[in-house]
Amino acid sequence: MAIRTILEFPDPRLRTVAEPVATVDDDVRTLIDDMFETMYDASGIGLAATQINVHQRIVTMDLSEENNQPMVFINPDVEVLDEQPHSYQEGCLSVPGFYEEVTRPQQVRIRALNRDGEAFELVADELLAVCIQHEIDHLDGKLFVDHISPLKRNRIRSKLEKKHKQEAAHR
């Protein structure tokens, strides 16, 4: 397993639409293991392959406090079950240090493959629904900042660009 570098907004690679996984094999499972290690190392609860510059439709999540309930979604598809809007304070490993209120559908059905390539589906609400929608946005080249006002998005972009320049100067 390896910890991968997480791309940060406004990196244009985060806008790449991920391709479906054709075959779930050992290479995909190794990638999934790397994604979990990277996500846990960054204290995240979800990670899309796009965030580590791998443009395949793979999401890892673990909403438990103890990091002992890993979930894998390969080629996830979401169906909205309840249009009732639900607002949640979202953050993102690719937009570090920023949290904004985002409104998403309250309940969804997820269809995906697990790490063994077996199909499954589940109904999600609350944090699980928010998280899976957030991660699928990544697979579609979107970020949570796309759901907020242009003014807030530009402010976040400017602050992260400044941070990236400072980090580059200290290398």
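Can you sort L14, L128 by solvent-accessible area, 1.4 Å probe, largest first?
So the residues, ranked largest to smallest area, are L128, L14.
For D116, put the label point 7 Å out on the Cα→Cβ axis and report which residues of the range 12-51 keep their amide N under 15 Å from it.
24-26, 29
Accessible area of the chain with a 1.4 Å probe: how many percent of it is carbon plus sulfur? Let's see the in-between values first.
Numbers: 4210 of 8930 Å².
The computed percentage sits at 47.
Of D27, D82, D34, D125, which has the most accessible area and how do the rest follow, probe 1.4 Å? Working shown, then result.
On the way: D27 120, D82 50, D34 10, D125 75 Å².
Of D27, D82, D34, D125, the descending order of accessible area is D27, D125, D82, D34.
Under a crude label model (7 Å from the Cα following the beta-carbon direction), how far is D33 from A169 in nanometres?
4.2 nm
For the range 22-171, report the accessible area per residue in Å² (1.4 Å probe, heavy atoms, rounded to an integer). Intermediate results must be reported in sequence, preceding the final value.
Details: 7630 Å² over 150 residues.
With the other protein chains kept in place, the range 22-171 gives 51 Å² per residue.
Applying a 10 Å radius around every beta-carbon, put 56-63, 146-153, 93-100 in order of their mean neighbour count, most first. If you can, show how the numbers build up before the last one.
Numbers: 56-63: 22.8, 146-153: 13.5, 93-100: 17.1.
Output ranking for 56-63, 146-153, 93-100: 56-63, 93-100, 146-153.
Would the range 8-74 count as rounded, prolate or oblate if I go by the C-alpha gyration tensor, calling it rounded below 1.5 in a/c and otherwise prolate when a/b exceeds b/c, oblate otherwise?
Details: a/c = 2.14, a/b = 1.18, b/c = 1.81.
Verdict is oblate for the range 8-74.
Among the aspartates and glutamates, select those whose C-alpha is under 16 Å from the C-alpha of K163, and discard any that sit fewer than 8 residues away in the same chain.
E8, D11
Per residue of the chain, what 222 nm ellipticity follows from adding -39500 (n - 2.57) for every DSSP H run with n ≥ 4, rounded to the nearest 500? Intermediate results must be reported in sequence, preceding the final value.
On the way: 3 runs with 50 residues, N = 171.
Mean residue ellipticity at 222 nm (helix-derived): -10000 deg cm²/dmol.
The values are calculated or read from the model by the stated rules, or taken from the named source; none is laboratory data. Quick caveat, the model's predicted, so the values are computed rather than measured. Glycine gets a Cβ as well: all are built from the backbone with ideal geometry, and neighbour counts include every protein chain shown. Please note that ligands, DNA and RNA were not included when accessible areas were found on the heavy atoms of the full protein model with its side chains. Shrake-Rupley method; radii C 1.70, N 1.55, O 1.52, S 1.80 Å.
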